[in-house]
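Input: a single structure, listed below in C-alpha cells.
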Amino acid sequence: MKVVIAELNWPEGIRLLRQEAKVVYNPDLWKDREKLFSEIKDADALIVRNQTQVDRQLLAHASRLKVVGRLGVGLDNIDIGAAKEADVSVVYAKNANAISVAEYVIAGLLTVCRPLLAATEAVKQGQWNRRCFTGSEIYGRTLGLIGVGEIGLRIAVRAQALGLKVVGYDPFVGPYDYPYAEAGIKKVSFEDVLAHSDFISIHVPLTPQTRDMISHAEFSKMKPTVTMINTSRGGVVDEQALSTFLNHHHQAFGILDVLEQEPPQQDHPLFALDNVILTPHVAGLTEQSQERTSRLVAEEVLKELRGQPSICSIR
Ligand SMILES: NC(=O)c1ccc[n+]([C@@H]2O[C@H](COP(=O)([O-])OP(=O)(O)OC[C@H]3O[C@@H](n4cnc5c(N)ncnc54)[C@H](O)[C@@H]3O)[C@@H](O)[C@H]2O)c1
Ligand SMILES: O=C(O)[C@H](O)CS(=O)(=O)O
C-alpha cells in the first residue's frame, strides 16, 4: 500500500502509517501540482491539510485512490461530491483541534480586555500609566456564537466558567440537542446574536451559504464596542466590511485567525488598524491537537484501507 502525505504532519501519525504502508511524506508537495499528480498515480491514500485542492482534476490522476485523510476539520478544500463519484472516502480529524480553538478564543477575549503585552511594552519604555491600562471584566457580558458545533460547544463551557452569558445561533442544532439543553447555551436568532453580543465568535464551515455571512448589513446591527473573533474561514467574513467597521468604531475589536487569502498581501486594509489582532491560522494548532490529529487520521485512513469501518468517514 502507498500513502502520500502532501502537507505538514506530526511524527506519530507518520510512524503508524509506516508500520503498514510505504509512505511518501513531503510537506511541500501541495505547492507543485504536477509533482503531486505524478506521486498519487499509484497511491492508495492521500493525506492533506487545508492547502491541497482535492478536486476532480486531482482525483482523475489517482485511479487507485481509496481514501483522502484530512488533517483537520474544515473540508472546503475537498470536493466531497467528486470524491463520492470517484468512490473515494474522506476521513477527517473530527473534534481533534476543538479544545485548542476554544482556548484560543478565550485567550483572545482576555487579551482584548486585559492587554498585558502592550502594558509590558509601555513599562519597558519607562511608563507607569495605570489609567491607560485599566481593563474591563469579561464577567457578566454576553458571548454570541455563530455555529454551535464541536468548537462552539467547547467555548461555551469554558466561557460560562468565567461568568459569561452564552447565546448561540445554529439552525442545524435542535433546541433539545446537547449544546443548548445541557451546555447552557441560549438558542437565539442570528439577528439577536448580532444585536446583543459583546463578543461574537464564528464557528461555521465555509460553504456557499456561509460565504460573506458577516458583511456591511450584519456589522451595522452589532454593538459599536463588539469584539468579533473569526477562527472559521476567511470567506465567511467580508474583510472590506470589517475594515470599514473597525475604522469607524475604535472601541470595537477584530480578532482574525483566518483570512480570505493566506498569507495576505502586505497592503491589506486590516494591517493599518490598531484595533485588530491577526494570527497566521494557528487557532487549532497546538502540539497536543496536532499529535491527536496526526494519530487519528493515520488510524482512520488505515481502517479504510483495511476495509474496516472508520469513525469519521464521509463516503
Ligand atoms: N482556525 C483554525 O485553526 C480552525 C480549527 C478548526 C476548525 N476551523 C474551522 O471552524 C469550522 C467549525 O469547526 P467545528 O469543529 O466546530 O465544526 P462542526 O462541524 O462541529 O460545527 C460547525 C457548526 O456550524 C453549523 N452551521 C453550518 N452552517 C451554518 C449556518 N449557515 N449558520 C449557522 N451555523 C451553521 C453546523 O450546524 C455545525 O453545528 C470548521 O469548518 C473550520 O473551517 C478552524
Ligand atoms: O480546519 C481546520 O481544522 C483548521 O483550519 C486547521 S487546518 O487543518 O486547516 O490546518
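Derivation of every value follows stated rules applied to the coordinates shown; laboratory data play no part. Quick caveat: nothing in here was measured; it's all calculated off a predicted structure. When we count neighbours, we look across all protein chains shown, and the Cβ atoms used for this are built from the backbone with ideal geometry, even at glycine.
Things to note:
- Hull-based mean projected area of segment 265-315, where the convex hull spans the alpha carbons, in square nanometres: 6.2
- Stretch gain in nm, segment residue 60-residue 130, where the contour uses 0.36 nm per residue and the Cα spacing is subtracted: 18.9 nm
- Taking 282, 123, 157 in turn, the Gaussian network model of the chain (Cα-Cα springs below 10 Å) assigns the largest fluctuation to 123.
- Taking the chain as a Gaussian network of alpha-carbon nodes connected by springs under 10 Å, the highest mean-square fluctuation of the residues 279, 120, 225 belongs to 120.
- P(r) histogram, all alpha-carbon pairs of segment 98-278 included - 10 Å bins from 0, percent: 9, 37, 36, 14, 3, 0
- Remark on the chain: Rg and Dmax equal 21.3, 66 Å (Cα only).
- Calculated P(r) of segment 28-184 - Cα pairs past 26 Å, %: 52
- For the chain, modelled as a GNM whose springs connect Cα atoms under 10 angstrom apart, the maximal fluctuation among 170, 32, 198 occurs at 32.
- Nitroxide proxy distance, nm - points 7 Å out along Cα→Cβ at residue 287 and residue 160: 3.2
- Between segment 89-105 and segment 13-45, the C-alpha centres lie 23 angstrom from each other.
- Cut-off 15 Å, label 7 Å out along Cα→Cβ of residue 209, residues of segment 75-109 by amide N: none
- Working note: 222 nm ellipticity from helices only, DSSP H runs with n ≥ 4, each -39,500 (n - 2.57), summed and divided by the residues of the chain, gives -10000 deg cm²/dmol to the nearest 500.
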